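Structure record follows, encoded as structure tokens.
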Amino acid sequence: MEKLRIAIQKSGRLSEKSLALLKEAGISLNNGSRKLRSVAQSFPLEVIYLRDDDIPQYVEDGVAHIGIVGENEYAEKQCEVDLIERLGYSRCRLSIAVPKSEQYLSLEELDGKRIATSYPVILENYLQEHGVKAQIHVLSGSVELAPSIGMADAIFDIVSSGSTLISNGLKEVEVIMKSEAVVIASRNINKDIQAVLNDLIFRVRSVMTASNNKYILLNAPNENLQQIIDTIPGMKSPTVMPLAEEGWSSVHSVLSETEFWGHIDRLRELGAQGILVIPIEKMIV
Ligand code: ATP
Ligand code: MG
């Protein structure tokens, strides 16, 4: 049987989480994850390990059927591939930064300036849209050093916490795109491979849904039971079971973590006790 071939970053910020996601989706690899290629044991899939820059092209060429890359890499390479799923990890943004001492009011101030970046295509498109002409200097790494050594007036680079910018005397002045890990797919996938891909995406979604949700158990005084149920309605409706102690019930429900924190005060006001929040491994809705 033909295998679905997925390209994953060989080593870097996407590798570990991408492999962990496959594992949570029930796909175990005959490891040595640092090899060039590995085959899944219980699922018709094989992984090839590449530099993230190369993944969009390999997928366009059909060498890999799908790949996991940062959305920034997908946008930069402008390859003929489809973005089929957002994965929610490796979140970052691509921003313009200038030396902290510069006063900065608007994008127009970059007209005629030199901007260093590893993402010339995204930058060029953005500047063009806003009618700004700048000289773009392409660097493959250590972009944040360029202003301090006099190579550029500004940079356009990946930012997550902003601490790298600060330690290089820079300040973020424009956010141009937000990025997260995404699945990209070739446009020429045959029916058999598409079926495997659908199965994989189904599993991945179950893992992602589960990680956003928690299983909640609590003890509720019967006089407030209805109000408690209304507060945490859950997937369909909560399970309610009587406790051995009269006048009390156990309520079980499923809630997103943020919803849970939003409701906690209300639940305690209503007399809920012994609240347990339990992680869910897989969730199929
Ligand atoms: P390669 O050797 O494969 O070319 P790289 O050095 O280009 O690796 P990494 O630094 O490993 O790439 O980053 C991979 C992706 O992770 C980036 O394209 C981006 O989408 C995301 N990313 C980068 N930096 C951060 C960060 N600080 N926080 C979160 N995500 C990030
Ligand atoms: Mg790279």
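The values are calculated or read from the model by the stated rules, or taken from the named source; none is laboratory data. Nothing here was measured: the structure is a model prediction, and the numbers come from that model. Counting neighbours? That spans all protein chains shown, and the Cβs are built from the backbone with ideal geometry, glycine included. All accessible areas refer to the heavy atoms of the entire protein, side chains included, with ligands and DNA or RNA removed. Shrake-Rupley method; radii C 1.70, N 1.55, O 1.52, S 1.80 Å.
Here are some notes:
- Scanning the stretch 240-274 for residues that are in contact with a helix residue (DSSP H, G or I) (Cβ under 8 Å, 6 or more places away or on another chain), open to solvent by 50 Å² or more (accessible area, probe 1.4 Å) and modelled with pLDDT of 95 or more yields Val240, Trp248.
- Taken as a whole, the condition of being among the hydroxyl-bearing types (Ser, Thr, Tyr) and either open to solvent by 80 Å² or more (accessible area, probe 1.4 Å) or under 22 Å from the mean Cα position of the chain (by Cα) (or both) does not apply to Ser142.
- Residue within the stretch 63-83 that is free of Cβ contacts under 8 Å to residues at least 40 places away in the same chain and away from ligand 2 (no atom under 16 Å from the Cβ) present: no
- Consider the stretch 1-59 and keep the residues that are in a strand (DSSP E or B) and among the small types (Gly, Ala, Ser). The one that is farthest from ligand 1 (Cβ to nearest atom) is Ala40.
- Screening Leu170 against (1) open to solvent by less than 40 Å² (accessible area, probe 1.4 Å); (2) at pLDDT below 95; (3) not acidic (Asp, Glu) leaves a single unmet condition, (2).
- Checking Ala97 against (1) assigned to a strand (DSSP E or B); (2) outside the structural domain of Ile158 (by TED's automatic domain parsing), the condition it does not meet: (2)
- Enumerated helices (runs of 4 or more DSSP H) restricted to the stretch 119-218, each holding at least 2 residues that are under 26 Å from Leu19 (Cα atoms) and in contact (Cβ under 8 Å) with a residue 24 or more places away in the chain: 191-212
- Qualifying residue in the stretch 22-44 (condition: under 17 Å from the mean Cα position of the chain (by Cα), buried (at least 18 other Cβ atoms within 10 Å of the Cβ) and away from ligand 2 (no atom under 16 Å from the Cβ)): yes
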